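The values are calculated or read from the model by the stated rules, or taken from the named source; none is laboratory data. Values in this document were obtained by computation on a predicted structure and should not be read as measured data. Reconstructed Cβ throughout: ideal geometry from the backbone, glycine too, with neighbour counts over all protein chains shown.
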Amino acid sequence: MDIETGYAESELRVSRRSNRDIIRDIVEGLLADGATPQPLADDAVLADAGISSLAMVKLLLALESAFDLEVPRREITQEAFTSVASLDALIMRLTGTPGAAQLTELC
């Protein structure tokens, strides 16, 4: 049993997904709002894709949760929140990762 998690090693699965894939999943989920999400290009402007101001706040909170970080106020800019690609650049700046996230999930 892992002391930190309290779970047996067989109950944990390590999943490697790119930061960009995680960000895209979050954004598409917010855009879908219950509908089937449409594929979103990395450089698509989120405002043009229909993301609302409330969804933008939810996006900020979801990114902080997904990447276990706090986005500093100075980084909450229109440029940083323009597209999946710009959000990926923001996450890379804040985490120092080259774009690959490693998440541990319960099986």
Exercise. Can you tell me how many residues in segment 31-46 are at pLDDT 90 or above and surrounded by 11 or more Cβ atoms within 10 Å (Cβ to Cβ)?
Worked result: 5
For this session: Give me the pairs, please: first residue somewhere in segment 41-56 and closer than 11 Å to residue 27 by Cα, second residue anywhere and surrounded by fewer than 16 Cβ atoms within 10 Å (Cβ to Cβ) and at pLDDT 90 or above, beta-carbon distance under 6 Å, and either six or more positions apart or on two chains.
Result: 42/85
Exercise. Any idea which of 101, 49, 62 is of a type outside the set (Lys, Arg), modelled with pLDDT under 70 and surrounded by 11 or more Cβ atoms within 10 Å (Cβ to Cβ)?
Worked result: 101
Exercise. Looking at segment 73-98, which of its residues are buried (at least 17 other Cβ atoms within 10 Å of the Cβ) and touching a residue at least 40 places away in the same chain (Cβ under 8 Å)?
Worked result: 83, 84, 87, 88, 91
